[in-house]
Every structure is written in C-alpha cells, then in structure tokens.
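Visitor: One structure, as structure tokens, below. Some questions next.
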Amino acid sequence: MLNKVRLLTPGPTPLPERVRLALARDMIHHRKSEFKAVMRRVQEQLRVLFGTEGPVLPLSCSGTGAMTAAAHSLFAPGEKVLVVEGGKFGQRWRGIAEQRGLTVVSIEVPWGQAVAPEDVRRALDADPSIKGVLVQLSETSTGVLHPVEALAALTRSRDVLLVVDGISGVSLSPCPMDAWGIDCLLTGSQKGLMLPPGLALLALSPRAWTRAENTPSGCFYFNLPKERANLEKGQTLFTSPVGLIVGLQESLSILLENGLDAVYRKQWALTMMTRTSATALGLELFAPKNFAWGITSVLLPAGVDGVEVVRLAAERHGVYMAGGQDHLKGRIVRIGHMGWVDWADVMAGLHALAASIQEAGGHIGSRDYLEQGLAAYHAALAVAPGAPLPLTHA
Ligand SMILES: *Cc1c(COP(=O)(O)O)cnc(C)c1O
C-alpha cells in the first residue's frame, strides 16, 4: 500500500485512464456495423502511425505472432534470409525463420551495438539469393536502435524485402514505412501503444503483398491476403479482439491528437533524461551510441547484482524494471520509458534504481542525478517544434 505500482518495463506498460474506460465498454459484435465503423476509424489512424498508404492488419496474437505471420507469408521454405542478430529478439527472428524452413545467414552484432549498414550491403552483394532482411527497429534486450532507414535504402533497390520488428519502436521513434521503403512493419499492443498485450499490427508494401499473394502461407491461422480481404469489409478473418481494437481507437486518438512529432519529442526527452541521470549516477550506458527511445539499458557497477537491484526496486519502491537476459543477466538493468510514462514516473524509476544499487552494496556518483536528468529533459523539450529531431545514428 505504500507505493503505487509503476511499470517501467518494456511491456506491458501502464494504461491511460481513457484507454481503460474504453476497454470497459459493453461488448459489440465483430460482424456488425458498429464494429466496422471502429475498424474504419482505426485504419485511418494506423495509416498515420505507420506512415503508409496501405492497410494495417490487426492480428489477434502477441507481437511474436506477427513476426511468425511475416516469415510464413513472405518466404517459402528453402528461401534464404539475412537476420540481424544483436540480441534476444534478433535471435527470435532466426528461430522463427528456421522453423519456417528458411535458410538463415546472420550478421552477428555485438550486444549493445547497432548493425553497420555497410555489413548488410556486403552480405547482400555477396549473395544475390538472399530474399529478405529481418531486423528489429529497437532491439529491446540491449536498448539499441538499428539504422532501419539506411537498411531500407539498401533493400529498396534490390529484390530483397526488409522486414522490421517494430514492437518496441513503433510510436516511440520515427519509422515512416512508405517514406523509408520498409516492406513489412509490425508491432504489438503492450508497449508504445499503451494497451494490454494480445493484439499485433502488421503492414506490407505493394511488392511484399505480391510476394504474400504468391507464397502459400503454410499456416491456417495467419493468412494475410485473406485478412486484407476481410479488412476491406471492416472485419478480421476470425473473431476480432473487439475490446483491444476499441481500446486501440482510444490510444491512437491520444497519440495522434497533438501529432506524432510531439510523441517522438517526448520520447526523446525521456531518453535524454534517463541517460543523463544514469551517467550522473556513475553508470555506464550499455548502448553508447545507437540507442532506442523507449528503453535505456545501463551496466551495473562491478559487484552489484542486477537481479537484486531489480527485485529491490520493485519491493521497496513499487518500480518494475527489467534485468538483462542470457550473458547480461545480473549485469544490466533496462529502464522502460514507453507509452503512458512521463517525467515523474522516470524520476521515480531513477530514484528506485539509485537507492536499490546502494542497498545492494554499490556506490552512486552525483547526489544531484535527478536535477541533472530533469535539466536534460527540459533542454530536450525546448528544441523548437518543427526543428528536426536529433538522429541517433549519424
Ligand atoms: C516485446 C518484443 C517482442 C515480443 O513480443 P511478444 O508480444 O512478447 O510476442 C518482440 N520483439 C521485440 C523487439 C520486442 O520488444
């Protein structure tokens, strides 16, 4: 009872009151006109969010389901794809592609770094039989932002599809699908979209649609051409996740009411706040250069157990953060600042982190880490509206 529970996790994330109230509405039927009107409105909103002219399909599954749908719809067994493997979610692409029977070539990127577009160019030049590049926009396990725009510039001019897992990136940092030339962009409901888990969204480019139409899906549940035909009637192939779509209409209204630029600026400012404050605490940033805008990963001081820090932050302060995975278990803490999270939540998170590190036996740097973080937040927000946002990868 002492503390509010604050989810600074990379999904699920807190829900705004407006979304919770939308989720509480009476059930409506997924084949009737009232629902079709919601679907049409949501389509208009999603086209803005994804930056695409084409349909954005709602799929009733978690984000991994949309990754699976993409791999099964765009590539046939035996075809070759290039996977960017710089963390847990890059590894997941490999697993999904292998399960589909694809031949996987991977570029292994040291965890904490982004893929170098030059390496992808070299791999594509060396092997013209590669049919697709599978990558994350934001690699949530490390807090890295991959240079998707530069990758799209490579795939656009080749017969290679760029498939982007934007689950922890869409609605958090810019990723205009058509303008960049992405062939498949997908995301999930429980991160930047401020919804419960269980809904995924996926869009294809015209050439990816051609591929999907000519590739037998090999999967009864995910059939993207059939989903598209249903969407034209304001429906989904199977029973729609009605509540989540009604909630999505509300969350997209919140995201779009001041324009996406305002959303990205807020995310940038929260990222600057977290990074500045963590640095003031004496912590090393795990993704030094190409960092995501929805999650910040920090290395713990030697001798401080990250599992203990995460546990103490939750138990003593009500702040839920994420630890590291695999070889990073116990070594890093990942602070989510995505969706319905503001400066005050991030302050709570930074304080919980500092106090928990001390309780776990570590030392912290400057006492004024919160002031430094807030100053960075305000400085980042003060960048004139309309002025270009700083690029994470130059
Ligand atoms: C969270 C996440 C996923 C997994 O999504 P699920 O909804 O758990 O299936 C995949 N990729 C990235 C980049 C993520 O952040």
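The values are calculated or read from the model by the stated rules, or taken from the named source; none is laboratory data. What you see is a predicted model, and the numbers here were worked out from it, not measured in a lab. All Cβ positions, even for glycine, are placed from backbone atoms using ideal geometry, and neighbour counts span all protein chains on display. Ligands, DNA and RNA are stripped out before the accessible areas are found, and what is left, the full protein with its side chains, is counted by its heavy atoms. Shrake-Rupley method; radii C 1.70, N 1.55, O 1.52, S 1.80 Å.
Visitor: Could you grab the Rg to Rh ratio for the chain? Cα atoms only, Kirkwood for Rh.
Guide: 0.97
Visitor: Moving on. Can you give the angle from 0 to 90° between the axis of helix 33-50 and the longest principal axis of the chain, with both taken from C-alpha atoms, to the nearest 10?
Guide: Approximately 60 degrees, to the nearest ten.
Visitor: Using a Förster radius of 41 Å, what is the FRET efficiency between residue 387 and residue 220 based on their Cβ-Cβ separation? Nearest 0.05, please.
Guide: Efficiency at R0 = 41 Å is approximately 0.25.
Visitor: Quick check on segment 1-141: what does the Kirkwood estimate of hydrodynamic radius come out to from the alpha carbon pairs, in Å?
Guide: Numbers: mean 1/r = 0.0544 Å⁻¹.
Radius from the Kirkwood sum: 18.4 Å.
Visitor: When the gyration tensor of segment 121-175 is built from Cα positions, what are the square roots of 5 times its three eigenvalues, in whole Å, from largest to smallest?
Guide: Calculated on Cα positions only, the semi-axes equal 23, 11, 9 Å.
Visitor: Moving on to the next point. Report, to one decimal in Å, the Kirkwood hydrodynamic radius for segment 34-80 based on all distinct Cα pairs.
Guide: Averaging 1/r across every pair of different Cα atoms and inverting gives 12.6 Å.
Visitor: Testing the spin-label approximation: label points 7 Å from Cα along Cα→Cβ at residue 239 and residue 129. State their distance in nm.
Guide: 4.5 nm
Visitor: On average, how much accessible surface per residue is there in segment 17-256, in Å², for a 1.4 Å probe, leaving out ligands, DNA and RNA?
Guide: Ligands and nucleic acids excluded, the result is 37 Å² per residue.
Visitor: For residue 122, put the label point 7 Å out on the Cα→Cβ axis and report which residues of segment 75-111 keep their amide N under 16 Å from it.
Guide: 83-85, 106-110
Visitor: How big is the convex hull of the Cα atoms of segment 100-243, per residue, in Å³?
Guide: 131 Å³
Visitor: Hey, what number do you get for the chain at 222 nm if only DSSP H runs of n ≥ 4 count, each worth -39500 (n - 2.57), divided across all residues, to the nearest 500?
Guide: Taken over the chain, the calculation gives -13000 deg cm²/dmol.
Visitor: On a 0 to 90° scale, report how tilted helix 63-74 is relative to the longest principal axis of the chain, with both axes built from alpha carbons and the result rounded to the nearest 10.
Guide: Relative to the chain, helix 63-74 is tipped by roughly 30 degrees.
Visitor: How much of the accessible area of the chain, probe 1.4 Å, is carbon plus sulfur, in whole percent?
Guide: Carbon and sulfur atoms account for 55 percent of the accessible area of the chain.
Visitor: Let me ask you something else. Whole-Hz Karplus ³J(HN,Hα) for segment 378-384, in order, using 6.51 cos²θ - 1.76 cosθ + 1.60 and θ = phi - 60°, x for Gly and Pro?
Guide: Each residue of segment 378-384 in turn: 5, 5, 5, 5, 6, 4, 4 Hz.
Visitor: A follow-up question, please. In degrees from 0 to 90, rounded to the nearest 10, what is the angle of the helix 260-280 Cα long axis to the longest principal axis of the chain?
Guide: 40 degrees
Visitor: Along Cα→Cβ, 7 Å out, is where each label goes; now give me the distance between the ones at residue 76 and residue 26 in nm to one decimal.
Guide: About 5.0 nm separates the two model spin labels.
Visitor: Can you give the Rg to Rh ratio for segment 203-324, taking only C-alpha atoms and Rh from Kirkwood? Intermediate results must be reported in sequence, preceding the final value.
Guide: Working: Rg = 21.5 Å, Rh = 19.1 Å.
Here the Rg-to-Rh quotient is 1.13.
Visitor: Let me ask another. With a cut-off of 8 Å between alpha carbons and a minimum separation of six or more residues, what is the relative contact order of segment 17-256 in percent?
Guide: 29 percent
Visitor: P(r) for segment 274-390, please, calculated from all Cα pair distances in 5 Å bins and given in %.
Guide: 2, 12, 22, 26, 21, 10, 5, 3, 1, 0
Visitor: Let me ask something else about it. Label residue 178 and residue 43 with points 7 Å out from Cα along Cα→Cβ: what is the distance between them in nm?
Guide: 1.4 nm
Visitor: Using only the Cα atoms of segment 309-373, what semi-axes does the equivalent ellipsoid have when each is the square root of 5 times a gyration tensor eigenvalue? Give whole Å, largest first.
Guide: Semi-axis lengths for segment 309-373 are 18, 16, 11 Å.
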